[in-house]
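Accompanying notes for the structure given below.
The values are calculated or read from the model by the stated rules, or taken from the named source; none is laboratory data. Computed from a predicted model, the values in this text were never measured in an experiment. We place every Cβ from the backbone using ideal geometry, glycine too, and count neighbours over all the protein chains shown.
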Amino acid sequence: MERSFTTQVRVRYAETDQAGIAHHSNHVTWLEVARVAWLREAGIPYGTLEQRGIQLTVAEVEIRYHRPVFFDDLLTIETTLEEAAGARMVLRYRVLGPQGDLRASGRTLLACIEKEGGRPRRLPAELAALIAEPERGDGAVDPEEVT
């Protein structure tokens, strides 16, 4: 599995204000949709992790808004694994508009914890191994673009 994965989300009417612009808080949900799809594509469905007693808790989230997102836009979200070690992993995101223009960029820090008790635990080997695999190169996030 490559460290980058692309998924699409269409902006729903309920996610917008009266001007038809998506509310900023929805970006967090879209990043979650992309993260869950990325895990599924990696062969590690989130539900399977939970069945094993593992949760990936969002410890930090950063979003930079570059341009507005509008009702009915079909967004492409590029998700890239940046780091996976110990009990944490870092994912970077690029939210692209219908013409491929950058609308938002972001980062999440996920803490791996035990479902029962909430104690930190090492990432499962299959997640930690993803960072060691070579990346194809398309869709990668330029670290200079995300602040």
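Looking across region 108-120, the residues that are under 18 Å from Gly47 (Cβ atoms) and more than 20 Å from the chain's Cα centre (by Cα) come down to Glu114, Lys115, Glu116. Taking the criterion of being under 13 Å from Cys112 (Cβ atoms), loosely packed, with under 13 Cβ neighbours inside 10 Å and of a type outside the set (D, E, K, R), the only residue of region 26-56 that qualifies is Gly53. Picking from residues in region 5-22 that are over 18 Å from the mean Cα position of the chain (by Cα) and part of a loop (DSSP other than H, G, I, E, B), the one that is nearest to Glu78 (Cα to Cα) is Arg12.
One residue stands out among those in region 68-94 that are surrounded by fewer than 16 Cβ atoms within 10 Å (Cβ to Cβ) and in contact (Cβ under 8 Å) with a residue 60 or more places away in the chain: the one that is nearest to the chain's Cα centre (by Cα), which is Leu74.
Summed over region 95-122, the residues that are over 19 Å from Ser25 (Cα atoms) and surrounded by 12 or more Cβ atoms within 10 Å (Cβ to Cβ) give a count of 9. Here Gly97 does not fit the description of being in contact (Cβ under 8 Å) with a residue 24 or more places away in the chain and more than 17 Å from the chain's Cα centre (by Cα).
Kindly indicate whether any position in region 7-15 is of a type in the set (Gly, Ala, Ser), under 19 Å from Leu102 (Cβ atoms) and modelled with pLDDT of 95 or more. Taking every residue of region 7-15 in turn, none turns out to be of a type in the set (Gly, Ala, Ser), under 19 Å from Leu102 (Cβ atoms) and modelled with pLDDT of 95 or more.
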